[in-house]
Amino acid sequence: EVSVSELGLGYESDETVLFRYCSGTCEAAVRSYDLSLKNMRSRRRIKKEKVRARPCCRPLAYDDDVSFLDAYNRYYTVNELSAKECGCV
């Protein structure tokens, strides 16, 4: 559980929400694309350092939308916030 303010989305609110996230490795999901990209990076054919040559664990589905009141009594709803199902993409 975290406060809405801690989420870093720009809302000021002391209300708390359940924030579920994904983590883990995805070695079993490595495909030809990932192997080729890794090879091209090692040969310096692709120079962007931020390119990832492996799949990553990300949400595949999200919990229901989250609604809350901010510090100024304004009502907001945020969608796709808390992970419901994770997988390698």
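The values are calculated or read from the model by the stated rules, or taken from the named source; none is laboratory data. If you're wondering where the values come from, they're calculated on a predicted model, not measured in any experiment. For accessibility, only protein heavy atoms count, side chains too; no ligands or nucleic acids. Shrake-Rupley method; radii C 1.70, N 1.55, O 1.52, S 1.80 Å.
Here the 3J(HN,Hα) profile of segment 78-89, calculated from phi with Karplus coefficients 6.51, -1.76 and 1.60 at θ = phi - 60°, is 10, 9, 6, 9, 10, 5, 9, 9, 10, x, 8, 10 Hz, Gly and Pro shown as x. Relative to the longest principal axis of the Cα atoms of the chain, the long axis of helix 32-42 lies at roughly 80 degrees. For residue 47, the aspartates and glutamates whose Cα comes closer than 18 Å to its Cα, not counting residues fewer than 8 places off in the same chain, are 34.
Counting only protein heavy atoms and a 1.4 Å probe, tell me what percentage of the chain's accessible area is made up of carbon and sulfur.
Ligands and nucleic acids excluded, carbon and sulfur reach 46 percent.
At a probe radius of 1.4 angstrom, the accessible area of the chain per residue rounds to 80 square angstrom.
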